[in-house]
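Working notes, beginning with the structure itself.
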Amino acid sequence: MTNHMDIGMTVRLDMPFADAVNRTRAALQEQGFGVLTEIDVRATLHEKLGEEMEDYLILGACNPPLAHRALRADRQIGMLLPCNVVVRKDGDDVLVEALNPQVMVNVTGQQALAPVADEATGRLHAAL
């Protein structure tokens, strides 16, 4: 598991893209994250701009109890929720990248968010 500029956690998978997406969804669900939104960046850029790019999916994952705790600590935290998880082709591999929840604490300076971010980080780590 590598850190990418500390804003994210990344894992590299050697499997077809569709399988990686399914495994990612299942792993998130096991850790209490539901996928609320799905943005197919490749399809959107193709449709709207006629641009071609590799498979690139953004999953908006939410753990309701953690989201609730975060919102109690800081109502503005909704701008940083849900946790974005990116599944994207990289050569023959697929990368799964999750935003490091510690970013919530660093950006807001709100120490009350630290325990929530710690638990979210642990769950995302376990999923990856």
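Remarks
For (1) over 15 Å from the mean Cα position of the chain (by Cα); (2) polar (S, T, N, Q); (3) open to solvent by 30 Å² or more (accessible area, probe 1.4 Å), each residue gets a yes or a no:
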residue	(1), (2), (3)
Thr10	no, yes, no
Asp14	yes, no, yes
Val21	no, no, no
Ala27	no, no, no
Gln31	no, yes, yes
Ile39	no, no, yes
Ala43	yes, no, yes
Lys48	yes, no, yes
Ile58	no, no, yes
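- Restricting Ala112, Ala70 to those that are open to solvent by less than 50 Å² (accessible area, probe 1.4 Å), more than 20 Å from Val41 (Cβ to Cβ) and without any contact (Cβ under 8 Å) to a residue 60 or more places away in the chain reduces the list to Ala70.
- Yes/no for Glu54 being in a loop (DSSP other than H, G, I, E, B), among the charged types (D, E, K, R) and touching a strand residue (DSSP E or B) at 6+ places or on another chain (Cβ under 7 Å): yes
- Scanning the stretch 90-101 for residues that are free of Cβ contacts under 8 Å to residues at least 24 places away in the same chain and of a type outside the set (Gly, Ala, Ser) turns up just one, Pro101.
- Apart from one condition, Met79 fits all of (1) part of a strand (DSSP E or B); (2) hydrophobic (A, V, I, L, M, F, W, C); (3) open to solvent by 60 Å² or more (accessible area, probe 1.4 Å); the exception is (1).
- Test: residue in the stretch 59-74 that is among the small types (Gly, Ala, Ser) and touching a Phe, Trp or Tyr at 6+ places or on another chain (Cβ under 6 Å): yes
The values are calculated or read from the model by the stated rules, or taken from the named source; none is laboratory data. All values derive from a computational prediction rather than experimental measurement. When we count neighbours, we look across all protein chains shown, and the Cβ atoms used for this are built from the backbone with ideal geometry, even at glycine. For the accessible areas, the whole protein counts, side chains as well, though only heavy atoms, and no ligand, DNA or RNA atoms are used. Shrake-Rupley method; radii C 1.70, N 1.55, O 1.52, S 1.80 Å.
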